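Down below is the structure, laid out as structure tokens.
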Amino acid sequence: MKISLKWLQQYVELTVAPEDLAHRLTMAGFEIEDIEYQGSVYDKFVVGEVLEVNKHPKADRLTVCKVNTGTEVVQIVCGAPNVAVGQRVPVGLSGAVIPHNQHDPEGKPFALSHVKLRGVDSFGMICSAHELGLGDDKDGIMVFDAHAKVGAPLAQYLGKDDIIFEVGITPNRPDAMSHFGIAREVAALLDVKANLPKFQLKESDVSVQQHAKILIEDTENCPRYSGRVMFNVNVADSPKWLQNYLLAIGLRPVNNVVDITNYVLMELGHPLHAFDYDTLAGKTIVVKRAKQGEKFTTLDHKERTLTGDTLMICDGERSIGVAGVMGGENTEITHATKNVLLESAYFNPASIRRTSKYLGISTDASQRFERGANPNVTTFALDRATALLQELCGAKVLKGTIDVYPVPVKPKRVPLRIGRTNRVLGTSLTKDDITTLLNKIELTSIPSTNSPSRDEVMIEAPTFRVDIEREIDVIEEVARVYGYDNIQTDARANLSFYEHPPKKDFSDEIRDWLIGRGCKEVVANSMCDIETAAVTSKDFVEVANPISKDMAALRTSTIPGMLNIVRNNIFHGSKDIRLFEIGRIYFKTNSQAHKNSDSFVPGYYEENRLAIAFSGLSNPRHWNEQPRQTTLFDLKGELEAFFCKLFLDNYKFIPYSTDNSLTDSGLVIHLSGKESGYVGKIRPEIMKRYEIEQDVFVAEISIPNLEIARECERTYRPLPKYPSALRDVAIVIDEEISVETLTMAIRESGGPLLKQIELFDIYRGNQIAAGKKSCAISLEFNSEEQTLAQEQIDTIVTSILNHLQVTLNASLRT
Amino acid sequence: MHEAIETLKRSALAELSTSGDLQALEHFRISYLARKGQIAELFDKLKDAPPEQKPALGKALNEMRRSIESQFEEKKARLETGQKKKSIHLDLTLPGLRPWVGSKHPITQTLDEIKRIFLGMGFQVETGPEIEDDYHNFGALNFPPDHPARDMQDTFFISNDVVLRTHTSPVQIRVMETQKPPIRALIPGRVYRNEAISARSYCLFHQVEGLYVDTNVTFAELKGTLVAFAKQFYGSSLKYRFRPSFFPFTEPSAEMDITCFLCKAKGCRVCKNTGWLEILGCGMVDPNVFQSVNYDPEMYTGYAFGMGIERIAMLRYGIDDIRILFENDIRFLSQF
């Protein structure tokens, strides 16, 4: 909230500079987020006195004036028709920045300097209200009253030399949401005293009891309701000083009655509400719950539908206000208002919070009530506001206050152990140290007969400190007042070792490998639109309150997000793509089968996935190599190498029997027999949807499955003692027979000495029959017992060829 | 026989000296040094020589062959070098054949650096779900129902009591529910906030959170640990301060500021002219949190801290718009 230092000074003497005060408040937990120097806008502006007005020798509309600026007399060329000798006027001197340039279509500010206007020197400018940002009048200069002190800084004359702190107040400290609340903290910091505002109240002889009744039906949600009645209230604009205070902290003045309630709210932190007394049926206030479905129009002229839970202020017949949140239109203060009933109540925080949430209204009042107001300040705030109404609106105040407060709230008492305090904070404070610190913020220690323990002290917290309920709350206050910076910084590590076996972060290993392979890591949004989520699973998770339709669900695949990134990069000219992401996907589930370590909330399942996308050139353009477009085999090979790197032996790529929703011509990846992902080419219709015109190859793999599949301990295999023998064969088979089938047939018939099978060429063409392909394969043989002789190898190769001929109708290419 | 050796040697050396190019040299090799060359022929004749002369003749033959071979190799090398010099000029300033260059996302790089420091202090990585129940995200962390503290974190709801976690703190609860002290956990993860997307805030971001629970853990130790971290991460010359703050799950709570390293604490746009940068929130674990996981707050104390990885990455790399981190433009990624 905004705190005006001028306002603050009414309650506490500020013995330090504003910047120092800002630092001290920040270090006490009230972070000063910004300091606004109101006067800085009017730097180099002063109140001047016009001494002479002469005609400009060359321009009829201009005059040449001599102006006393307090320290000197300067010559200023002026274009205003109303300038006259003897006037007190705002003068901008050289270096001043005119907030609004009247001659600029956008009104941009401009800096003054010494200029010649039609040949005559001008050393400043006499300004209009519009130019100064003080009003709409642009036809003539502003003229101040004759008592304005010549030479006074303009900001000071205008009362705009205040300094405003933007204070971040944490939700546990509603007591500091006012100028007096901050004054209390300042007093503790500066070792001075904070004084409540002083005022005088003259009541009439007529008792308020004869003119109003107050009844609380729901005392649980409204423990206290105090009210006063006053007659002959003159509703008008507030005086300037009051308007200035409100404007300084960003509030818009309305009329004196409303302004006074706002002023007292910002002064004491206690919300008040003024009703037009003459509109109250039966001159009665009743506090009770609304009827379910009841319609009610609030001050902002909006009709609201209430629940049976909403606490309402009613008169003898109807609802007149949503308690603690906003008043009703039907009893609003208007310029016709003559008589006023002023409310000062205390409401249950949770009730106000529920209503404010339900209605979607957050007001200065509701923010304070829902955090916790002070039940024991209602009558003081009421009297303070009443005195101002009397002073500023001529109100005749009826005698007495109606104060319904069946069960008064007493200050809380909390026992505090000195030893415990020091153990939590790592300090060595004595009992005296602690009570002295706490006394500064009105937490008093009271002698207790019950606890003779020397270690313990009973602390009493005033009722405005709603945050203090437990010992730890008091310990925090000790630390805060002592100063966090005064607590030592203990670099000693108290070594206790964590016994839970650490999980190896497998993602790091994947990441490092892929980065080494030239892939760039991306981090994508895990939210997407419902249609996208539905493409890859019907069990998608929907967000109940999304920011927008684009993010109404959680992704069920990492690929659509990846395609967005691919599209955007192509659009920006980066056409060669090697990207990967490690990120989660999310599903609804009924089964408990997905009981993986990152799925804890029943009904939901999340899994880490690795996504890879390749597109564009397979290698960077080189001066001695022809560039080649990426194919599916680039990505498949990348995965094979990656699996090999992970020592993941048990993997299988199985060509799609049916296409999946994002890719066609691809392969399903099985890890340890479990379907764990796929690699494929994006389907044409998907490409169209993402407006991508170059082939994109993607892979998505379950990281938990990768993790499980690689759980194989490595043991050392002795290196072969005898050299290997290599034999190349070219085998002609039908086009339809897959290389995998061929390889498996060779493996089956090759016996134990066949160690490696490597395809190194495929030939189709004139030299072999149509519908056939020739696969050139290198076979590696090795024995643990001897160097293999040519004849031994010949025998094995022959038996392989025989087997291939029988099973695959294969022949040796000659 | 000795004479024959001498003659062959002479004629061979004479021919070698007249062989002016590699072709002639190859011709020479076939004629003399090949398997069926003149030298081999002479070796064949050795078997007809008288046995008592054989050792001496063999030695002479070998010496002759070695001498011719070495002179042949020398000449060959010379000719080859000469030829190379004559061939096309090799421009060694041509660019090398570069492969693609990969990169780690700046968010990951920043997290890795933070992890490295805390793992060195004995913290261990723990993770938890992003789809979280209200109890773990709020209730167990001492956010009472109908409490304004809940407004500190604008929440995405999946259902009435299931949310997208708004912070990594629910993992604290999950860790303590399944493990006994001592605990030193480091919890990185993605979190969500229902806030309008702008240069300063995105609908999701990443946090890393620490939790340390044991007997006799103090606020002073919390400070010590975080100062040690900050000095490793930001440099040992930094100044720091701890300010009181409020989080429902810690008490006392604090925010840690360090001197702005962008302007050397002189005041700039990023530190809002204060000279200080807020880098993390922290505090002593609230006794109510211990109660929700059945730890005895009288026996154990602990501290927790958390920071936003994007914020730290943005400060570290001078990035002024959070959205660029999620656009994944290759021209951006290539800078890291």
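Looking across A:257, A:287, one residue alone is under 30 Å from residue A:173 (Cα atoms) and either assigned to a helix (DSSP H, G or I) or not assigned by TED's automatic domain parsing to the domain that holds residue A:306 (or both). It is A:257. Residue count for the stretch A:334-373 satisfying the condition of being within 22 Å of residue A:252 (Cβ to Cβ) and either buried (at least 22 other Cβ atoms within 10 Å of the Cβ) or not hydrophobic (A, V, I, L, M, F, W, C) (or both): 16. Of all residues in the stretch B:164-180, those being at the interface with chain A (Cβ under 8 Å from one of its Cβ atoms) and over 31 Å from the mean Cα position of the chain (by Cα) number 1.
Tell me yes or no: at least one residue of the stretch B:221-238 is small (Gly, Ala, Ser), open to solvent by less than 30 Å² (accessible area, probe 1.4 Å), facing chain A (nearest Cβ under 7 Å) and not in a helix (DSSP H, G or I). No; the residues of the stretch B:221-238 include none that is small (Gly, Ala, Ser), open to solvent by less than 30 Å² (accessible area, probe 1.4 Å), facing chain A (nearest Cβ under 7 Å) and not in a helix (DSSP H, G or I). Pick from the stretch B:191-211 the residues that are touching a Ser or Thr at 6+ places or on another chain (Cβ under 7 Å) and within 19 Å of residue A:546 (Cα to Cα): which of them is modelled with the lowest pLDDT? This residue is B:195.
Taken together, the residues in the stretch A:365-420 that are within 29 Å of residue A:437 (Cβ to Cβ) and of a type in the set (D, E, K, R) amount to 7.
Selection of the stretch A:165-201 for residues being more than 19 Å from residue A:263 (Cα to Cα) and either touching a strand residue (DSSP E or B) at 6+ places or on another chain (Cβ under 7 Å) or in a helix (DSSP H, G or I) (or both) yields A:168, A:170, A:171, A:172, A:185, A:186, A:187, A:188, A:189, A:190. Do any residues in the stretch A:232-246 that are over 17 Å from residue A:38 (Cβ atoms) have Cβ atoms under 6 Å from those of residues that are open to solvent by less than 100 Å² (accessible area, probe 1.4 Å) and aliphatic (A, V, I, L, M), where the two are at least six apart or on different chains, and which pairs are they? Short answer, once both residue conditions are applied: A:233/A:340; A:233/A:395; A:235/A:257. When the stretch A:549-565 is limited to residues that are not in a helix (DSSP H, G or I) and not hydroxyl-bearing (Ser, Thr, Tyr), the one that is farthest from residue A:520 (Cα to Cα) turns out to be A:552. With respect to the stated conditions, residue A:782 is touching a Pro at 6+ places or on another chain (Cβ under 6 Å) and farther than 30 Å from residue A:607 by Cα. When the stretch B:93-128 is limited to residues that are farther than 27 Å from residue A:519 by Cβ and in contact (Cβ under 8 Å) with a residue 40 or more places away in the chain, the one that is nearest to the other protein chains (Cβ to nearest Cβ) turns out to be B:124. When each of A:602, A:546 is tested for being open to solvent by less than 60 Å² (accessible area, probe 1.4 Å) and either within 9 Å of another protein chain (Cβ to nearest Cβ) or in a loop (DSSP other than H, G, I, E, B) (or both), the lone residue that passes is A:546.
State whether the residues of the stretch A:351-361 include one that is among the basic types (Lys, Arg) and either outside any helix (DSSP H, G or I) or farther than 30 Å from residue A:213 by Cα (or both).
From the stretch A:351-361, those among the basic types (Lys, Arg) are A:353-354, A:357; that's our starting set.
From what is left, the residues that are either outside any helix (DSSP H, G or I) or farther than 30 Å from residue A:213 by Cα (or both) are A:357.
Yes: the stretch A:351-361 contains one or more residues that are among the basic types (Lys, Arg) and either outside any helix (DSSP H, G or I) or farther than 30 Å from residue A:213 by Cα (or both).
Of all residues in the stretch A:525-543 being more than 7 Å from chain B (Cβ to nearest Cβ) and part of a loop (DSSP other than H, G, I, E, B), which is nearest to the chain's Cα centre (by Cα)? Only one residue tops the list, namely A:529. For the stretch B:183-201, a residue qualifies if it is more than 9 Å from every other protein chain (Cβ to nearest Cβ), open to solvent by less than 10 Å² (accessible area, probe 1.4 Å) and within 24 Å of the chain's Cα centre (by Cα), and the qualifying residues are B:186, B:187.
Among the listed residues B:269, B:311, B:316, which satisfies the condition of being within 14 Å of chain A (Cβ to nearest Cβ) and open to solvent by 70 Å² or more (accessible area, probe 1.4 Å)? Answer to the check: B:269. Take the conditions without any contact (Cβ under 8 Å) to a residue 40 or more places away in the chain, more than 9 Å from chain A (Cβ to nearest Cβ) and either more than 28 Å from residue A:553 (Cα to Cα) or open to solvent by 60 Å² or more (accessible area, probe 1.4 Å) (or both) and apply them to residue B:90. Does it pass? The answer is yes for residue B:90.
If I ask for residues that are facing another protein chain (nearest Cβ under 7 Å), surrounded by fewer than 18 Cβ atoms within 10 Å (Cβ to Cβ) and modelled with pLDDT of 80 or more, which ones from the stretch B:148-163 would you list? Residues satisfying the conditions are B:157, B:159.
Criterion applied to B:285, B:270 was being over 26 Å from residue B:109 (Cβ atoms) and touching a Leu at 6+ places or on another chain (Cβ under 8 Å), and the one residue passing it is B:285.
Among the residues of the stretch A:582-591, count how many are closer than 17 Å to residue A:507 by Cβ and crowded, with 24+ Cβ neighbours inside 10 Å. Steps first, please.
Looking only at the stretch A:582-591, we keep the residues that are closer than 17 Å to residue A:507 by Cβ, and these are A:582-585.
With the extra rule that they be crowded, with 24+ Cβ neighbours inside 10 Å, the set shrinks to A:585.
Residues in the stretch A:582-591 being closer than 17 Å to residue A:507 by Cβ and crowded, with 24+ Cβ neighbours inside 10 Å: 1 in total.
The lone criterion from (1) surrounded by fewer than 19 Cβ atoms within 10 Å (Cβ to Cβ); (2) in the same structural domain as residue B:157 (by TED's automatic domain parsing) left unmet by residue B:118 is number (1).
How many of the residues making up the stretch A:622-659 are assigned to a loop (DSSP other than H, G, I, E, B), loosely packed, with under 12 Cβ neighbours inside 10 Å and not aromatic (Phe, Trp, Tyr)? The qualifying residues number 6. Identify the residue in the stretch A:566-581 that is surrounded by 24 or more Cβ atoms within 10 Å (Cβ to Cβ) and part of a helix (DSSP H, G or I) and, among all such residues, is nearest to the other protein chains (Cβ to nearest Cβ). Applying the filter and picking the extreme gives A:569. Return a yes/no flag: does the stretch B:243-255 have any residue that is away from every other protein chain (no Cβ under 13 Å), crowded, with 23+ Cβ neighbours inside 10 Å and in a strand (DSSP E or B). No, the stretch B:243-255 has no match at all.
The single residue among A:13, A:33 that is within 26 Å of residue A:250 (Cα to Cα) and within 14 Å of chain B (Cβ to nearest Cβ) turns out to be A:33.
The values are calculated or read from the model by the stated rules, or taken from the named source; none is laboratory data. It should be emphasised that the depicted structure is a prediction, and the values quoted were computed from it without experimental measurement. Every residue, glycine among them, receives a Cβ derived from its backbone with ideal geometry; neighbour counts consider all protein chains shown. Just so you know, the surface numbers come from the protein's heavy atoms only, side chains and all, with ligands and any DNA or RNA stripped out. Shrake-Rupley method; radii C 1.70, N 1.55, O 1.52, S 1.80 Å.
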